[in-house]
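All remarks here apply to the structure that follows.
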Amino acid sequence: MRWSQHLIPTLKEDPRETQSPSHRLLLRAGYIRQHQAGVYIFLPLGWRVMQRVMTIVREEMDRIGAQELFMPSLTAREFWEESGRWQDFGDDMFRLRDRKGRDLALAPTHEELFAELARHFLRSYRDLPQIWYQIQTKFRDEPRPRSGLLRCREFLMKDSYSFDATWEGLDQSYDLHREAYTRIFQRSGLKFLVIEASSGLMGGSQSEEFMVISPTGEDTLVHCPQCGYAANTEVATAKPALPTPQSPFQKREKVHTPNVRTVEEVTAFLGVGPELLIKSLVYKVGGRTVLVLVRGDYDVNEAKLQRVLGPEARIATPEEVWNQFGVEVGFVGPIGLEVDEVIADELLEGAEGMVCGANESDYHIVGVAVNQDFQVSRFADLRTVRAGDQCPHCGTPLTVENAIEIGHIFKLGTKYSEAMHAYFTDRDGKEKPIIMGSYGIGIGRIMAAAVELYHDEHGIRWPASIAPFDVEIVEVDPGKVRPQAESVYQALQEKQVEVLWDDRAVSPGIKFKDADLVGVPVHVVLGRKVAQGLGEIKIRWTGEKIDVPLADLPDRVQTIVQDLKADVS
RNA sequence: CGGGGCGUAGCGCAGCCAGGUUAGCGCGCUUGGUUCGGGACCAAGAGGUCGGUGGUUCGAAUCCACUCGCCCCGACCA
């Protein structure tokens, strides 16, 4: 493709108001253009990358026997009512009304439609198993789109759904997806981890996420450098084996702590570490009030808490606490507070000499012993793992890192098949719900994650497998080297190498800078050495430069391109 | 949803606080010429509802109100 005849609008300066590297570079290098918050135009270069990613996805999905189909985005309210998600999605769902007044939604995901399709056509165990997938635009009205392609309101997703007659069958479909996903991300050239993910409230169904570690990522994962244990912080656990702190408070007494509310303030005021504090948090669960206790040096993990208390658990507002107990939230404590239940993190079991709020403004109580001075009905793992906590398997200090979620696989079970009445007749003649799995990959996120992972100060360095082109010809002085450029261009195309030829009438500096910015993995520089019959090959990844006789250029380039692609597949 | 920031030519910005001719600068763009290995040079030129609406004023990019859009931080931490 000749640069001069195509739309590749590179920017000399950084676009205003971009933070993350992928957002900034994809904009600057002419891959995407923003249309609205969280909605992007894919320009020719960007769309080529997306297409290459989609090709990999299709090949690997087809390899596990999945069938591609295509669902509508415009979906009728009734289907969402059947599963209850017309309500559950809330403001995240884009809704609209047609001229007849019917309610519609732009699909944020497609479990309901696939379940509906399955109930219509999959009637017998003989029809199972099946895996169906699509690559489709999803719409989610995110409260805060951010980081360019990483969190969008309109985005391309590969989603697939498995339908099995047995739980063993689901395990197989799930494992097939894990293998396919692993191959897809490997072939895309990404460094990634497969981690344990929150199975939400689906009753212990297995769920794993594919994560790219990156400071730009919005998710947080816990990782053991020793044994490889890795989990989303929503589910990550650590050994409770932590040294019992020595407390200076032997005797229980009320102390005056004027205007001292937060953990930081209390520790500073009393001169003790946060591990001696009990954080007391009031939660509402339906009509019940539950006091949740966690050590001062830990945060409550809401995902874990919801697994104990149920999905409707939410923290009480300061106003609710004041109205119910007449206490400021900073001074709430477990002693003498009239609540329906007190639950505590396991680290507090048997703790003594602790500090907690006195349920009275400007007072705390020190020297408190758990289960002596107050009763706890349940101890559970309710805390968020911190860096340095001990790995639950091998005891090694854990690391905590930000990560980008690029894929998620999930054993759904029968939640949707029951809700949508997707039943099949089994061998024994009985009607049973189809056992489902659901599996997603963010196409744009693969593209953005690759940039986050592999850029340098000059621009993007694409993995060869998903680069928009295999080679870019940098034609330094079109007036002198045009015939040579033309012939290299032709020869490479005949070898099925995808070439971007920078044939613009601009100065060499611009071409070199743009080539680095755009990030095609191999550059062929045709310049002053052409007079000596030489061209130069530059590897974008390493900066390595090789002089090659013009006659050998096409072959050498082809070999290098093949090698680079082999490296990532 | 809460907080902060920003909307002036295609892009990046100045001007606004202390209202006053034709609203500037750099890049880009057009034409002609010279150049050609890391964002060249000379000359001439085009390009603007100052986000929008309303108000104050003799006069508004500038002051006031409302509004739309975008970015960033936060959205359980007691």
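The values are calculated or read from the model by the stated rules, or taken from the named source; none is laboratory data. Because the structure is a prediction, the values reported are computed rather than measured. Positions of Cβ are generated from backbone atoms using ideal geometry, with glycine treated the same way; all protein chains shown enter the neighbour counts. Only protein heavy atoms, including side chains, enter the accessible area calculation; ligands, DNA and RNA are left aside. Shrake-Rupley method; radii C 1.70, N 1.55, O 1.52, S 1.80 Å.
For segment A:28-53, which positions are more than 9 Å from RNA strand B (Cβ to nearest atom) and more than 25 Å from residue A:186 (Cα to Cα)?
We begin by selecting, within segment A:28-53, every residue more than 9 Å from RNA strand B (Cβ to nearest atom); these are A:30-33, A:40-53.
Answer for segment A:28-53, where residues must be more than 9 Å from RNA strand B (Cβ to nearest atom) and more than 25 Å from residue A:186 (Cα to Cα): A:30, A:33, A:40, A:41, A:43.
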Residues (open to solvent by 40 Å² or more (accessible area, probe 1.4 Å), within 13 Å of RNA strand B (Cβ to nearest atom) and not charged (D, E, K, R)) located in segment A:326-360:
A:329
Of all residues in segment A:504-524, which are open to solvent by less than 20 Å² (accessible area, probe 1.4 Å), within 6 Å of RNA strand B (Cβ to nearest atom) and touching a strand residue (DSSP E or B) at 6+ places or on another chain (Cβ under 6 Å)?
A:517
Going through segment A:368-396 in order, the residues found to be in a strand (DSSP E or B) and surrounded by 14 or more Cβ atoms within 10 Å (Cβ to Cβ) are A:368, A:370, A:374, A:379, A:380, A:383, A:390
Conditions (1) in a strand (DSSP E or B); (2) over 18 Å from the mean Cα position of the chain (by Cα) -> residue A:169 fails only (1)
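In the set A:21, A:44, which member is surrounded by 21 or more Cβ atoms within 10 Å (Cβ to Cβ), closer than 17 Å to residue A:460 by Cβ and in the same structural domain as residue A:131 (by TED's automatic domain parsing)? It would help to see each step written out before you state the result.
Working: A:44 fails: surrounded by 21 or more Cβ atoms within 10 Å (Cβ to Cβ).
It is A:21.
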Here is a list of conditions, (1) touching a His at 6+ places or on another chain (Cβ under 8 Å); (2) more than 15 Å from RNA strand B (Cβ to nearest atom), and residue A:446 meets all of them except one; can you say which number that is?
(1)
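Looking at this structure, is residue A:50 assigned by TED's automatic domain parsing to the domain that holds residue A:180, open to solvent by less than 30 Å² (accessible area, probe 1.4 Å) and in contact with a His (Cβ under 9 Å, 6 or more places away or on another chain)?
On the way: assigned by TED's automatic domain parsing to the domain that holds residue A:180: yes; open to solvent by less than 30 Å² (accessible area, probe 1.4 Å): yes; in contact with a His (Cβ under 9 Å, 6 or more places away or on another chain): no.
For residue A:50, the condition - assigned by TED's automatic domain parsing to the domain that holds residue A:180, open to solvent by less than 30 Å² (accessible area, probe 1.4 Å) and in contact with a His (Cβ under 9 Å, 6 or more places away or on another chain) - is not met.
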Picked from segment A:453-464 (must be within 16 Å of RNA strand B (Cβ to nearest atom) and open to solvent by less than 20 Å² (accessible area, probe 1.4 Å)), the residue farthest from the chain's Cα centre (by Cα) is A:459
Scanning segment A:243-296 residue by residue, the ones that are near RNA strand B (Cβ under 10 Å from one of its atoms) and assigned to a loop (DSSP other than H, G, I, E, B) total 4
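Per-residue answers, yes or no, for (1) of a type outside the set (Ser, Thr, Tyr); (2) more than 15 Å from residue A:406 (Cβ to Cβ):
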position: A:155; (1), (2): yes, no
position: A:167; (1), (2): yes, yes
position: A:172; (1), (2): yes, yes
position: A:189; (1), (2): yes, no
position: A:205; (1), (2): no, yes
position: A:239; (1), (2): yes, yes
I'd like to verify a number: residues in segment A:407-445 that are closer than 18 Å to residue A:195 by Cβ and out of contact with any Leu (no Cβ under 7 Å at 6 or more places or on another chain), how many?
8
Report, by residue number, each residue of segment A:465-496 that is outside any helix (DSSP H, G or I), aliphatic (A, V, I, L, M) and open to solvent by 10 Å² or more (accessible area, probe 1.4 Å).
A:476
When segment A:111-166 is checked residue by residue, the ones that are away from RNA strand B (no atom under 16 Å from the Cβ), closer than 21 Å to residue A:85 by Cα and not in a strand (DSSP E or B) are A:111, A:112, A:113, A:114, A:115, A:116, A:117, A:118, A:119, A:120
Sort out which residues of segment A:77-92 are surrounded by 13 or more Cβ atoms within 10 Å (Cβ to Cβ), more than 14 Å from residue A:115 (Cα to Cα) and out of contact with any helix residue (DSSP H, G or I) (no Cβ under 8 Å at 6 or more places or on another chain), and write them in order of number.
A:92
Within segment A:528-568, residues being loosely packed, with under 15 Cβ neighbours inside 10 Å and part of a loop (DSSP other than H, G, I, E, B) number 4
